[in-house]
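Undergrad: Okay, here's the structure, questions in a sec.
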Amino acid sequence: MRRNKLYLKKTQQQFIAQQRMNEMENQAKQAMMNPHFVFNALNSIQQYINTNDRISANKYLTKFSRLIRLNLDLVNKNLITLEEEFEKLKLYLEIEQLRFGEKLKYEFVISTELETDIIFIPSMILQPFVENAIWHGLMNMPDKGKLMLSFEKENGSIRCVVEDNGVGRKRAAEIGEQNSIKRKSYGMTISQRRMELLQKENLDIPEIRIEDLGHNGHAGSGTRVTIHFQVD
């Protein structure tokens with residue numbers, strides 16, 4: 001009798017968690033979140049549910065729901081504060097660590113000069129570059145990878161750097177060809193649309209520079225994306 005009660009309780013908990021995941025998946029679509037990321041995040045959470053690891057499942061369900069709510073709040077805003085951007089990026093990276101574990105290390109380097117709660121930047125610009133660094137640079141590495149995000153003032157603008165020590169763009173493209181992967185970057189498409197919208201509304205367009213960090217741009221030792229946001 002006790003065994004049956006425990007089984008029923010476990011089944012009920014899994015059913016409730018699954019319902020919550022389905023609701024979040026629908027909300028994620030409304031928030032224009034990358035469907036590949038959503039699928040992988042929910043799949044990782046599902047594994048915790050299936051192994052009855054309720055503590056880990058609830059922990060990451062909570063993080064994922066917070067990220068969705070934040071995206072829903074920010075998706076229709078042209079400008080968001082640096083503080084909001086940091087919160088969104090940190091939640092995203094914490095969830096990605098669920099899947100990659102120790103293989104993914106990341107670091108934020110934020111200048112103390114930045115008043116993050118009153119500095120505004122265009123929304124939905126940075127995360128696609130962070131996603132690309134993980135998916136195309138670090139995911140293809142056999143060893144541990146590291147992602148660094150730095151933010152500082154520079155000549156009246158905010159200088160943001162997304163740097164990884166991954167395989168580099170050339171090698172990532174070769175691996176994609178070998179595996180017949182021709183995945184269009186959903187995040188980059190959204191980012192492009194956002195910049196077109198900023199242009200239409202006569203707002204400053206971020207200056208973006210992408211560099212290969214290997215010898216003469218050929219060796220696979222990472223990529224650096226530098227983005228300058230003009231601020232008042």
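The values are calculated or read from the model by the stated rules, or taken from the named source; none is laboratory data. All values derive from a computational prediction rather than experimental measurement. FYI the Cβ positions are ideal-geometry reconstructions off the backbone, even for glycines, and counts take in every protein chain you see. Keep in mind that these areas ignore ligands, DNA and RNA; they rest on the heavy atoms of the full protein, side chains included. Shrake-Rupley method; radii C 1.70, N 1.55, O 1.52, S 1.80 Å.
Undergrad: Using θ = phi - 60° and the Karplus relation 6.51 cos²θ - 1.76 cosθ + 1.60, list the HN-Hα couplings for region 126-141 in order, rounded to whole Hz, with x at every Gly or Pro.
TA: For region 126-141, the Karplus curve yields 6, 4, x, 6, 5, 4, 4, 4, 6, 5, 9, x, 7, 4, 8, 7 Hz.
Undergrad: Counting only protein heavy atoms, what percent of the accessible surface of region 123-162 is carbon or sulfur at a 1.4 Å probe?
TA: The nonpolar share, carbon plus sulfur, comes to 49 percent.
Undergrad: To the nearest 0.05, how large is the calculated FRET efficiency for residue 108 and residue 51 if R₀ is 30 Å and r is the Cβ-Cβ distance?
TA: 0.45
Undergrad: State the extension gain, in nm to one decimal, for the chain segment bounded by residue 90 and residue 39, taking 0.36 nm per residue of separation less the distance between their alpha-carbons.
TA: 16.5 nm
Undergrad: All other residues with a Cβ under 11 Å from the Cβ of residue 102 taken together, and with Lys, Arg as +1 and Asp, Glu as -1, what is their net charge?
TA: With Lys, Arg at +1 and Asp, Glu at -1, the neighbours total +2.
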